[in-house]
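Quick notes on the structure that follows.
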Amino acid sequence: MIYEKLEYRLEKIIKQYLTFSRKFIESRMMNLKNFMDENFLLNNETAINLYHSYAKHMPIIDYHCHIDPKEIYENKKFNNITEAWLYGDHYKWRGMRSNGIEEKFITGDASDYEKFMAWSETIPMAIGNPLYHWTHLELQRFFGIYEPLDEDTAPLIWDKANKLLSGEGFKVRDLITKSNVDFLCTTDDPIDTLEYHIKLKEDDSFNVKVLPTFRPDKGIEINADGFVSWVKSLEQISQINITDYDEFLQALESRVRFFHSVGCRISDHGLDGTVVYAEASKEEATAIFTKALQGKSISIEEEKKYKTYTIGFVAKLYHELGWTMQLHIAALRSNNTRMLGKIGPNTGFDSINDESMAYPLSRLLDLLDKENSLPKTILYTLNPKDNYVLGSMLGNFQGDGIPGKIQFGSAWWFNDNKDGMIEQMKALSNLGLLSRFVGMLTDSRSFLSYTRHEYFRRIACNLIGEWVENGEVPGNMKLLKKVVEGICYNNAKEYFGI
């Protein structure tokens, strides 16, 4: 009898425990957020208010991207989502390779449907990677597709997206307009004719400004293959016979002024590896340039001197014309020699460099500042260890009555993720003025990438909302509105003066 009572009590306890566990799990499930809903990444009430009341509706200024102005002018219509999504996107290509996808289905001769399916096989494995969020934001915002992409949903998503792309309202200009873009700046070589920028400037049917950015890397990298042939191309486009360094500088200046006439107000320098600095006279730079034209070997020290003098020369022009100079620092490009030879550069084989930058960057900026010719400058680092190097460097050269004259550029490339954005903004706020930050850019070759601005804005609002709810910042909505709208749009509009 005693054992029967114990057995009954034990059974009752187990039932009660199971009932409690089931109810607990159900309550927890009810409290889980829906996948990427309207309050995605907004984890407090202040953040929700800031994003939906202010950030969400601000226009976009995409001041650095790699899209093709020809495709904008011709108002390209995509044949399918693979063409819109995967062509040229080395971010996705890297992920696919990590998932064991054969190169045939990445950059090879597989069909677009096969490549799409390969990406669909990869994306469920990408949780924690910003590609996972970007992919689903793009499906939601452009195609109204809220199902997570995987191998099971892929065929239906392929059909639905392609049906929309084949209809009205999904050409390149439509995608830009729907994204509420005010103006965008492409990335252009000084030898570019800017033919399509000129045509777009004259086209009254498209209200978004599409402006060039002056990127003279091929004229700076004196030791790179193709330097001499690039100089010959510069000679042809500028119609200046280049036999010496003076004529080379004249040709560069003529291109800067031509770009300015087309609407360019921003330059960009991809400083592969790190910043270099070595003081040089005009005579030294001339001798080094002459050696290069003759096909002679250029030493590392000579390369530093040439780069320092040449960058200094064009930077003074930027200052004269009121341009902004961008310096992208700490990329280690084309690491895989075999794949470079097989499919070329910018195909997903780049990574972070780890060289020191503080001293040469300081000296380069000071060289220009001493002559009162330091332009507005945005500093980007690919290595997050240098966040505080750049964040503190800004304060050395601010001034001239320009709010945030020297900017800490947004989290770039491998830092372009939730953690990277938060750490960049925290470093900037700790060392400078986050409220004067010119905000986000796409740095993308895709016309669907404007959702990255939404991603950034949600993260920024959540960070500021946390400070408010922790009592670190007052809940003064007039102040918060100004800060949020500034970071999203107004600061960039004022800073670039376009």
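Distance between Cα centroids, segment 410-482 to segment 155-213: provide it in whole Å.
Each part's Cα centre sits 26 Å from the other's.
Say each of Asn476 and Leu463 gets a label point 7 Å from the Cα, pointing the same way as Cα to Cβ; how far apart are those two points in nm?
Label-label distance for Asn476 and Leu463, simple model: 2.1 nm.
Can you give the FRET efficiency to the nearest 0.05 for Lys370 and Ser111, using r as the Cβ-Cβ distance and R₀ = 60 Å?
Efficiency for this residue pair is about 0.55.
Determine which residues of segment 82-96 fall in the zone a paramagnetic label at Leu156 would reach in this model, i.e. backbone nitrogen under 15 Å from the point 7 Å along Cα→Cβ.
Within reach of a label on Leu156: no residues.
I'd like to know which of Tyr309, Tyr51, Gln398 lies farthest towards the positive end of the charge dipole of the chain, counting +1 on Cβ of Lys and Arg and -1 on Cβ of Asp and Glu.
So the residue we want is Tyr51.
Report the FRET efficiency, 1/(1 + (r/R0)^6), for Asp225 and Asn79, where r is their Cβ-Cβ distance and R0 is 45 Å, rounded to 0.05.
With R0 = 45 Å, the Cβ-Cβ based efficiency is 0.85.
Along segment 296-309, what does the Karplus equation 6.51 cos²θ - 1.76 cosθ + 1.60 (θ = phi - 60°) give for ³J(HN,Hα), rounded to whole Hz, x for Gly and Pro?
7, 5, 10, 6, 4, 5, 5, 4, 4, 5, 4, 4, 4, 5
Nearest 10 degrees, 0 to 90: what angle lies between the long axis of helix 2-31 and the longest principal axis of the chain (Cα atoms)?
So the helix axis and the longest Cα principal axis differ by about 30 degrees.
If you place +1 on the Cβ of every Lys and Arg and -1 on the Cβ of every Asp and Glu, how big does the dipole about the Cα centre of segment 125-259 come out, in debye to the nearest 20? Before the final figure, lay out each step's value.
Values: 14 positive and 24 negative charges, 87 e Å.
Around 420 debye, computed over segment 125-259.
Using amide H atoms built in the peptide plane, which far-off residues or other-chain residues are under 5 Å from Lys376 H to H?
For Lys376, the qualifying residues are Met325.
Compute the long axis of helix 358-370 from its Cα atoms, compare it with the longest principal axis of the Cα atoms of the chain, and write down the angle in degrees, 0 to 90, nearest 10.
It is inclined by approximately 50 degrees.
Between [x] 248; [y] 175; [z] 197, which entry matches volume of the Cα convex hull per residue in Å³ as derived from the coordinates of this structure?
Of the listed options [x] 248; [y] 175; [z] 197, [z] comes from this structure.
Quick one: helix 451-469 against the long Cα principal axis of the chain, what's the angle to the nearest 10°, folded into 0 to 90?
70
At a 1.4 Å probe radius, which order do Ser392, Ser334, Ser98, Ser410 fall into by accessible area, largest first?
Numbers: Ser392 60, Ser334 40, Ser98 105, Ser410 5 Å².
Result of the area sort, largest leading: Ser98, Ser392, Ser334, Ser410.
Ranked highest first by average number of other Cβ atoms within 10 Å, how do 485-495, 363-373 line up? Could you put the intermediate results ahead of the total?
On the way: 485-495: 21.0, 363-373: 15.6.
Ranking, from highest mean packing down: 485-495, 363-373.
Classify segment 453-498: rounded, prolate or oblate, from the alpha-carbon gyration tensor (a ≥ b ≥ c, eigenvalue square roots; a/c under 1.5 rounded; otherwise prolate if a/b is larger than b/c)?
Details: a/c = 3.47, a/b = 1.70, b/c = 2.04.
In terms of gyration-tensor shape, oblate.
Using helices alone, I'd like the mean residue ellipticity at 222 nm for the chain: each DSSP H run of four-plus residues gives -39500 (n - 2.57), total over residue count, nearest 500.
The per-residue figure over the chain is -15500 deg cm²/dmol.
The values are calculated or read from the model by the stated rules, or taken from the named source; none is laboratory data. This one's a predicted model, so the numbers in the text were calculated from it and none came from an experiment. Quick reminder, even Gly has a Cβ in these numbers, built from the backbone with ideal geometry, and neighbours come from all protein chains shown. Keep in mind that these areas ignore ligands, DNA and RNA; they rest on the heavy atoms of the full protein, side chains included. Shrake-Rupley method; radii C 1.70, N 1.55, O 1.52, S 1.80 Å.
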